[in-house]
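K.L.:
Before we start, here is the structure in question, set down as structure tokens.
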Amino acid sequence: MDTLLQVDNLAVRFGPVQAVKWVSFALGRGETLGIVGESGSGKSTLLWALTRLLPETAAINSGEVWFDSEDLLRLPPDRLRALRGTRISYISQDPMTSLAPGLTIGQQMMDVLHREPWSAREKRARAIDALEWVSLPDPARRMEMYPHELSGGQRQRVSIAMALMLGPDLLLADEPTTALDATLEVEVLDLLKRLQRETGCAVIFVSHHLGTVATLCDRVMVMKDGEIREDGSVAQVFTRPEDDYTARLLRCDPARIIEPTRRLPTMADAPAATAAAVVGPAGRVKGSESPILAVSDLFVTFHRGGFLPAAIGGAVERIHAVRQVSFSISKGETLALIGESGSGKSSVARSILGLVRPDAGTIRLGERELTKADRGGWQAARGEVSMMFQDPAGSLSPRRTLAEQVVEPLIVHGRRAEATRAKAVELLTLAGLDSRFADRYPHELSGGQARRAGIARALAMSPRLIVADEPTAGLDVSVQGEVINLLNDLQERLGLSILLITHNMAIVRHAADRVAVMLKGQIVETGPTARIFAAPEHDYTARLIAAAHHDLPTHESA
Amino acid sequence: MFGYILRRIALGCAVLLLAISTLYVIVQAAPGDPASAMLGPKATPAIKAAFAEKLGLDKPMPVQIVRYVGSVLSGDLGTDLRSRRPVTEVLAAHAPYTVELILASLLIAAGLGIPLGCAAAVRRNSLFDQAIGLLSVSLISVPPVIIAIYGMLLFSAALGWLPAIGAGVGEGLGSRLHHLILPAIAVGIGWVGYIARLVRASMIEVLSANYIRNARAFGLPELRIVYRYALRTAVAPTITVLGVGVGYMLGSAVFAEIVFARPGIGKLMYDAVILRNYPVTLGAVLAATALLVAATTLADILNALIDPRFKESRE
């Protein structure tokens, strides 16, 4: 195999932390290498170190990175810059922040061509060609647009077009699909596959998502604590992992467990243990009693101000976020509300919590009619519904300890006397943390621990219903199972009802009793989880399920 | 975009109307009575009453306010009690000197502060950055009056390079600019430090953004990254602060105009307060308020023009 990139003993340090530990590997021309690992495994650091684009706080201790007989780590800055964008290109993680907000798409794409001796007209034509190539509709008009005028998927197409304009030999992709919805992810992966086939450029694809790596790559490296734990063909690593860590990681991924279970395997379990199909105690769902939550014919409309204030005849744009949505949740039941960003599922949750005023419809929580509730009624209702926020670290105050924050709902509800440290420890213990965490601050927590703290706080008021907004978003697959297990366990012990809002189909299978699918503000399908997965009625539901499912490719090379 | 600008201007006018009413009440509530001040200690109560009646000071306060606002809107700010000229005429004669002083000070603050802050952010934690940090803090800490007096002593008295007093009234443009240098430095130099710190902080934040790393990953020249990609975004908070800064500069301008004997709004205001010349005091404060409202409105509009996210409603 013709070697394009040869990395020898590369080591990178962030202050006292050795993030990448003397890593060596080689990449052939036209090869597609996936690097998987949990957050903090050093995979992105490794990628950015290759062309010295690390943040200032990082330092490369040692190593050589040979790219076509040139050591990138020792190349003068000018020579290195000449390689960037021409022979080595990038696609970075978050399409919402990877394009400059103040410049048009066209300006930014033409800037990438700044070294070429072409006229502005020619550069423009090249840029439009590239946008056409990534199937962006109406490319000439998009050139004049600013990034905020495009959707996330469109922006990621622009990033890909930018990366390929000059026909690079090597493409470095840092989690290019992580911030996208499942169906968009499939589209972008298809695009990357086509690109790789048509241009023949080598790709290093970093992801924490095992499924996407399996779909796209020939070869995969597994990283853990800055070391390469396993390196082999996709077929070998995914079917016969040699490393214990790899085996655990693969086994934990909720997406790879087809049989529904309320106890997902975790990293701590022995690899030999098989995932048992656990259904939980019989009679958990009290379907015969009147429902905890009943939403009927809910409408939510947002108004966007136009040219002039409405009072003096200005046009106001109406956005129908939620249209005629009805559903109910029984005691002890989990209902999953699924759909992509913008489908209106968050607006439904916000209406239940009284953060958004619905235009029409009723929301009944137990015996209380929330849409007609006064201040006192809302105050009481908020003691019965708790929110588990999507961004757990962001929804905790960075300046207060967990003990102070976990019991805060009690103080807000005028039950200061109960807001003791003992109560805080009790709640933390319930959420699977212990008293050692009481005095910690949010920045000292991992993603999974912050999520648990969020659960502890949601339990403070002993609610009847928990609204869990994307409880696994941004979590490694190894921790997703733990969080789902905890929610399932708490439900069984406390008789909680849960409204699970997510676009992660993999966890829905293991946590939800019933599923409601939202599309463009409406519920297009409802049914028991098993039926939805086995025989989806709506085309969109089928697409969501297919998008979450990544087949193991049968590579000839394997 | 156009709608936003209109709304912003309408809001500015509303603020100004509120300010006019408030100002009128504050000035009237201040101790001392214009009739006694103007007519001298020997005026009889009858003469004073006649004088008050002539100015409408005997009416109830709400009536006075409405009358005052109405006359302001029709362009009548009353008559200068000293010179007997219309206040608008007096203001028109003084305003240009203050406006040019504020503009020159803004130019110094932004023209020096933005490049310094930008350079400090690009070479952050270097010796150069620390030197600029020290310079900034020193400039912020020295009161404008001190700079004015020592500047005068050094450049006018000792070196004779710059005129000490006056504004070059009735002379050519060159002389006017020459007279402007010292006062503008006195008013604006403190802001150089402030703006430099601000620009440095927002530049550092922007330079760590994803799209900056992306631009580097595509091999764009560093200068283009700094000016085209980073500074454009980083300069927005500075514009807002400079808009509000005009208010503070107006405060400093009062000192500067007194020290340098410039016939501006500040000097006019000072003299009118001493003499309890109500119409002129009100007019001068009003002019200063209008200047401040105009500056903040302009800053908002400028920010909207820079930020493409506002262009959504252009169609």
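The values are calculated or read from the model by the stated rules, or taken from the named source; none is laboratory data. Only a predicted model underlies this, so the values are computations on that prediction, with no experimental measurement involved. Cβ sites come from the backbone with ideal geometry, for glycine too, and all protein chains shown count toward neighbours. SASA here: full protein model, heavy atoms, side chains in, ligands and nucleic acids out. Shrake-Rupley method; radii C 1.70, N 1.55, O 1.52, S 1.80 Å.
K.L.:
List the GluC sites (Glu not before Pro) in the range A:353-428 that DSSP assigns to loop (not H, G, I, E or B) and whose Cβ has at most 15 other Cβ atoms within 10 Å. Which are they?
P.N.:
On the way: sites: A:GLU367, A:GLU369, A:GLU384, A:GLU404, A:GLU418, A:GLU426; in loops: A:GLU367.
Here the sparse-neighbourhood loop sites are A:GLU367.
K.L.:
With each pseudo-label sitting 7 Å past Cα toward Cβ, what's the A:ILE319-B:LEU73 distance in nm, one decimal?
P.N.:
Between A:ILE319 and B:LEU73, the label points sit 3.8 nm apart.
K.L.:
At a cut-off of 30 Å², which residues of the range B:1-19 become less accessible once all protein chains are present than in their chain alone, using a 1.4 Å probe?
P.N.:
B:GLY3, B:ARG7
K.L.:
Just the number, please: carbon plus sulfur as a percent of the accessible area of chain B, 1.4 Å probe, no ligands or DNA/RNA counted. Walk me through the numbers before you get to the answer.
P.N.:
On the way: 10950 of 15500 Å².
Summing carbon and sulfur atoms, their accessible area is 71 percent of the total for chain B.
K.L.:
A further question follows. Could you tell me what percent of the accessible area of chain A is made up of carbon and sulfur, with a 1.4 Å probe and every protein chain present? Walk me through the intermediate numbers first.
P.N.:
On the way: 11800 of 23220 Å².
The nonpolar share, carbon plus sulfur, comes to 51 percent.
K.L.:
Here is a further query. Over the range A:374-463, give the accessible area per residue in Å² for a 1.4 Å probe, as an integer.
P.N.:
Values: 4400 Å² over 90 residues.
For the range A:374-463, the solvent-accessible area averages 49 Å² per residue.
K.L.:
Taking +1 at the Cβ of each Lys and Arg and -1 at the Cβ of each Asp and Glu, which of A:LEU410, A:ALA450, A:ALA393 sits farthest along the dipole of the range A:350-471 towards its positive end, judged by Cα position relative to the Cα centre?
P.N.:
A:LEU410
K.L.:
When the dipole is taken about the Cα centre of the range A:107-200, and only Lys, Arg (+1) and Asp, Glu (-1) are charged at their Cβ, what size is it in debye, to the nearest 20?
P.N.:
Working: 12 positive and 16 negative charges, 66 e Å.
Charge dipole of the range A:107-200: 320 debye, to the nearest 20.
K.L.:
May I ask you to derive the FRET efficiency for A:ASN9 and A:ASP225 from their Cβ-Cβ distance with R0 = 25 Å, giving the value to the nearest 0.05? Spell out each step's value before the answer.
P.N.:
Working: r = 17 Å, r/R0 = 0.66.
E(calc), rounded to 0.05, equals 0.90.
K.L.:
Let me ask another. Give or take rounding to whole Å, what are the principal axis extents of the alpha carbon atoms in the protein assembly as shown, in descending order?
P.N.:
Computed over the protein assembly as shown, the largest-to-smallest principal extents equal 108, 74, 53 Å.
K.L.:
Right, here's the next one. Which residues does the label zone of A:TRP118 cover in the range A:131-149, counting backbone N under 19 Å from a point 7 Å along Cα→Cβ?
P.N.:
Answer for this model: A:131-145.
K.L.:
Using a basic spin-label model with each label point 7 Å from the Cα along Cα→Cβ, how many nm lie between B:CYS13 and A:PHE299?
P.N.:
3.7 nm
K.L.:
Zone of A:GLU367 (label point 7 Å along Cα→Cβ, backbone N under 18 Å): which residues in the range A:318-344?
P.N.:
Only A:331 fall inside the zone, counting backbone N under 18 Å.
K.L.:
Pick from B:GLY247, B:GLY174, B:GLY78: which residue has the top mean-square fluctuation in a GNM of chain B where Cα pairs under 10 Å get a spring?
P.N.:
For chain B, modelled as a Gaussian network with Cα springs under 10 Å, the answer is B:GLY174.
K.L.:
In whole Hz and in residue order, list the ³J(HN,Hα) couplings for the range A:19-26 that follow from phi through the Karplus curve 6.51 cos²θ - 1.76 cosθ + 1.60, θ = phi - 60°; x for Gly and Pro.
P.N.:
7, 10, 10, 6, 9, 10, 6, 10
K.L.:
Hey, what did chain A get for relative contact order, percent, Cα under 8 Å, at least 6 apart? Please report the intermediate quantities before stating the final value.
P.N.:
Details: 1102 pairs, mean separation 82.3, N = 558.
Relative contact order here is 15 percent.
K.L.:
In vacuo Debye scattering of the range B:2-73, one point per C-alpha: log10 I(q)/I(0) at q = 0.12 Å⁻¹?
P.N.:
Per q value, in the given order, log10 I(q)/I(0) is -0.46.
K.L.:
Taking the Cα centre of the range B:2-73 as origin, sum charge times position over the Cβ atoms of Lys and Arg (+1) and Asp and Glu (-1), and report the length of that vector in debye to the nearest 20. Please list the in-between numbers first.
P.N.:
Numbers: 7 positive and 3 negative charges, 35 e Å.
Roughly 160 debye, rounded to the nearest 20.
K.L.:
Please compute the alpha carbon radius of gyration of the range A:3-252, then divide it by the globular-protein estimate 2.2 N^0.38 Å. Two decimals is fine. Write out the running numbers ahead of the final one.
P.N.:
Numbers: Rg = 18.1 Å, N = 250, 2.2 N^0.38 = 17.9 Å.
Against the empirical 2.2 N^0.38 Å value, I get 1.01 for the range A:3-252.
K.L.:
Leaving out same-chain residues fewer than 8 places away, which lysines sit with a Cα under 27 Å from that of B:LYS59?
P.N.:
Cα-Cα hits under 27 Å: B:LYS42, B:LYS48.
K.L.:
How much solvent-accessible surface does A:TRP133 expose, in Å² to the nearest 10, with a 1.4 Å probe and all protein chains in place?
P.N.:
70 Å²
K.L.:
Still on this model: Relative to the longest principal Cα axis of chain A, at what angle does helix A:477-494 sit, 0 to 90 degrees, rounded to 10?
P.N.:
The angle comes out at about 0 degrees.
K.L.:
Cut-off 15 Å, label point 7 angstrom out along Cα-to-Cβ of A:LEU355: give me the residues of the range A:497-522 whose amide nitrogen falls inside.
P.N.:
What the label zone holds, given the 15 Å backbone N cut-off, is A:499-502.
K.L.:
OK, next. Name the residue farthest towards the positive end of the dipole of the protein assembly as shown from the options A:GLY28, B:ILE147, B:MET203, assuming +1 on Cβ of Lys and Arg, -1 on Cβ of Asp and Glu, about the Cα centre.
P.N.:
It is B:ILE147.
K.L.:
How high is the relative contact order of the range A:420-543, in percent, with contacts defined as C-alpha pairs under 8 Å that are six or more residues apart?
P.N.:
Relative contact order, the range A:420-543: 17 percent.
K.L.:
Here is a follow-up. Could you work out the mean count of beta carbons from other protein chains within 10 Å of each residue's beta carbon in A:78-90? Please list the in-between numbers first.
P.N.:
On the way: counts 2, 0, 1, 7, 1, 1, 6, 7, 2, 1, 3, 3, 5.
So the per-residue partner count for this stretch is 3.
K.L.:
Right, something else. Figure the gain on full extension for B:ALA93 and B:ILE306 (residue separation times 0.36 nm, minus the Cα-Cα span) and round it to one decimal in nm.
P.N.:
On the way: separation 213, 0.36 × 213 = 76.68 nm, distance 3.46 nm.
Full extension from B:ALA93 to B:ILE306 adds 73.2 nm.
K.L.:
So for the pair A:ASP489, A:ASP71, with labels modelled 7 Å out along Cα→Cβ, what separation do we get in nm?
P.N.:
Each label point is offset 7 Å from its Cα along the Cβ direction, giving 5.1 nm.
K.L.:
Give the span of the range A:75-147's Cα atoms along each principal axis, as three whole-Å numbers ordered largest to smallest.
P.N.:
40, 31, 23
K.L.:
Using Cα pairs under 8 angstrom and six or more residues apart, how large is the relative contact order of the range A:59-165, in percent? Before the final figure, lay out each step's value.
P.N.:
Details: 95 pairs, mean separation 34.7, N = 107.
Here the relative contact order equals 32 percent.
K.L.:
Kirkwood Rh over Cα pairs of the range A:7-69 into Stokes-Einstein at 10 °C, 1.306 mPa s: D in µm²/s? Kindly include the intermediate steps, with their values, before the conclusion.
P.N.:
Numbers: Rh = 12.2 Å.
For these conditions, the coefficient is 130 µm²/s.
K.L.:
Right, next: What's the magnitude of the charge dipole for the protein assembly as shown around its Cα centre, counting Lys and Arg as +1 and Asp and Glu as -1 at the beta-carbon? Answer in Debye, nearest 20. Walk me through the numbers before you get to the answer.
P.N.:
Values: 89 positive and 85 negative charges, 522 e Å.
Dipole of the protein assembly as shown, to the nearest 20 debye: 2500 debye.
K.L.:
Here is a follow-up. Say the cut-off is 31 Å between C-alpha atoms; which of A:LYS21/A:LYS423; A:LYS43/A:LYS193; A:LYS123/A:LYS193; A:LYS43/A:LYS123 go over it? Let's see the in-between values first.
P.N.:
Numbers: A:LYS21/A:LYS423 43 Å; A:LYS43/A:LYS193 21 Å; A:LYS123/A:LYS193 26 Å; A:LYS43/A:LYS123 34 Å.
Going by Cα-Cα distance, A:LYS21/A:LYS423; A:LYS43/A:LYS123 fall outside the 31 Å limit.
K.L.:
Is there a simple number for the mean count of other chain Cβ atoms within 10 Å of the Cβ of residues in B:206-214, and what is it? Could you put the intermediate results ahead of the total?
P.N.:
On the way: counts 1, 1, 2, 4, 9, 12, 3, 9, 14.
Partner Cβ neighbours, averaged per residue: 6.
K.L.:
Mind checking B:142-155 for the average number of partner chain beta-carbons within 10 Å of each residue's beta-carbon?
P.N.:
Other-chain Cβ atoms within 10 Å of each residue's Cβ, averaged: 0.
K.L.:
Do any residues of the range B:282-310 show a loss of at least 30 square angstrom of accessible area between the isolated chain and the full protein assembly, using a 1.4 Å probe, and if so which?
P.N.:
The answer is B:PRO308, B:ARG309.
K.L.:
Residue farthest toward the positive end of the dipole of the protein assembly as shown, with Cβ of Lys/Arg at +1 and Asp/Glu at -1: which of A:GLY15, A:GLY342, A:GLY366?
P.N.:
Of the listed residues, the answer is A:GLY366.
K.L.:
Probe radius 1.4 Å, ligands and nucleic acids left out: which of A:SER326, B:SER141 has the largest accessible area, and how do the rest follow? Write out the running numbers ahead of the final one.
P.N.:
On the way: A:SER326 55, B:SER141 80 Å².
Descending accessible area places them as B:SER141, A:SER326.
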